[in-house]
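Derivation of every value follows stated rules applied to the coordinates shown; laboratory data play no part. The model shown is predicted, which means the values in this text are computed figures rather than measured ones. When we count neighbours, we look across all protein chains shown, and the Cβ atoms used for this are built from the backbone with ideal geometry, even at glycine.
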Amino acid sequence: MALSERENYLRTAAFQGGEWIPISLHISPASWTQLGRDMEEVALRHPLIFPGFQPGQREADPADYGPVYREGERFTDAWGCVWHNTWGGLEGQVVEHPLADWSALAHWRPPDPLVTGDRGPADWAAQRERVAACRRAGELTSGGVPHGFFLMRLWYLRGFERLMADLIEGPPQLDALSRLLVDHNLTIVRQWLDMGVDMVDFGEDLGAQTASLISPAAFRRWVAPAYRQLMQPCRAAGAHVYLHSDGHILELVDDLIACGVTILNPQDLCNGIDNLASHVKGRVCISLDIDRQRIVPFGTRAEIRELIREEVVKLGSPRGGFMFAGGIYPPTPAENVDALCCALEEFRTYWWDGRGG
């Protein structure tokens, strides 16, 4: 009997073999606006990549983008951070930081995560029903903390340059603020664990183009203790820990695994496919973030196919431990999205259909 999507995903994550490589391809709101009907036609041609997609399902209306995604908008979130957006459909940036002066910490408190999310009200009853519906349907269940849950939250609150100085100087306020953020996120994590989800998602961007944003020593001092407090309860409850990070993070992988990460979502080319194969493969499940800087937006169909083939051959295995999780952003044309979908479909069963040795 064929595995269900949930069974295949969990077997892949646990290196217990599978029947195909799990694939998740996210089309950014900005690309929906850019590509419009052409993108819809691609989605309809590839039901394996976009299961259940129907004509007219995704109309790109910039007014529906939501806070911090609408061009020209200034938005104050529940933390007191002021965001500004200059490109509709992409996330904006924090331009005003409520804790730019440490003196403000004495009167500042995080939002209550049981009542409000980062950018609107929290509806935990609806989340419980969603998880229950997924469980009844035999689907993977998951929940997570907002993207930018700790290190990025610190720089949203303090400002990037001020935070970099804090990480060197180590003011006592930084420890106090870190504890507040851990407590906030732990409340969210406990909600998901109470629901019995299969996986808890964590995401923030720890890397730049060629190196991690902070040193491994700074990561161990300031970030790893928070990660462990949030991730170890997930592992104790039997839930997978999924961590996404943009950028080069190879020097942090050992620490991330030690914190409890079981599924790591690194970007491919800025970390290097061969580097990931030698340092990460087999140690933690790789949910590979497909290139969005060079080959996918600007390459030929043949180059896109070869990228996916190389990644499957070098990072995959009949034991599992390898998935794809890609994102499409401007200026990627619809033709290249179609080429990517074709390549993903071609190689998704490579390790189980006789081609994988």
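Under a Gaussian network description of the chain, with springs only between Cα atoms under 10 Å, the residue in 142, 287, 278 that fluctuates furthest is 278.
For residue 287, nonlocal amide neighbours, meaning residues 5 or more places apart or on other chains whose placed amide H falls under 5 Å from its own, are 264, 265, 323. Rounded, prolate or oblate: pick one for the stretch 143-269, where a ≥ b ≥ c are the square roots of the eigenvalues of its C-alpha gyration tensor, a/c under 1.5 means rounded, and failing that, prolate if a/b is larger than b/c, else oblate. It is oblate, given that a/c is not under 1.5 and a/b is not larger than b/c. If R0 is taken as 30 Å, the Cβ-Cβ distance between residue 303 and residue 4 corresponds to a FRET efficiency of 0.30.
Put in order of Cβ neighbour count within 10 Å, fewest first, the listed residues 221, 228 become 221, 228.
Counting only alpha carbon atoms, the long axis of helix 160-169 and the longest principal axis of the chain meet at about 70°. In the chain, the longest principal axis of the Cα atoms and the axis of helix 172-195 are about 50 degrees apart.
Here each label is just a point 7 Å from Cα along the line to Cβ, and for residue 45 and residue 115 those points are 5.1 nm apart.
Is the stretch 1-151 best put as rounded, prolate or oblate by its Cα gyration tensor, with a ≥ b ≥ c the root eigenvalues, rounded for a/c under 1.5, and otherwise prolate when a/b is larger than b/c, oblate when not? It comes out oblate by the Cα gyration axes. Projecting the Cα atoms of 263, 331, 351 onto the charge dipole of the stretch 252-357, computed from C-beta unit charges around the Cα centre, puts 351 farthest toward the positive end. Does the stretch 257-357 classify as rounded, prolate or oblate by the C-alpha gyration tensor (a ≥ b ≥ c root eigenvalues; a/c under 1.5 gives rounded; else a/b over b/c gives prolate, otherwise oblate)? Oblate shape, in that a/c is at least 1.5 and b/c is the bigger or equal ratio. Among 285, 134, the ranking by other beta carbons within 10 Å of each residue's beta carbon, starting with the fewest, stands as 134, 285.
Model label sites at residue 349 and residue 215, defined 7 Å from Cα along the beta-carbon direction, differ in position by 5.1 nm.
Neighbour counts of other Cβ atoms within 10 Å put 99, 48, 256 in the fewest-to-most order 48, 99, 256. With Cα atoms defining each centre, the stretch 93-117 and the stretch 1-39 are spaced 36 Å apart in the structure. To the nearest ten degrees, helix 224-236 and the longest principal axis of the Cα atoms of the chain are 50 degrees apart. If Rh is defined by the Kirkwood formula over all Cα pairs and Rg also comes from Cα, what ratio Rg/Rh do you get for the stretch 83-150? Using Cα coordinates only, the ratio equals 1.09. Rg/Rh for the chain stands at 0.95; both radii use Cα atoms, and Rh follows the Kirkwood definition.
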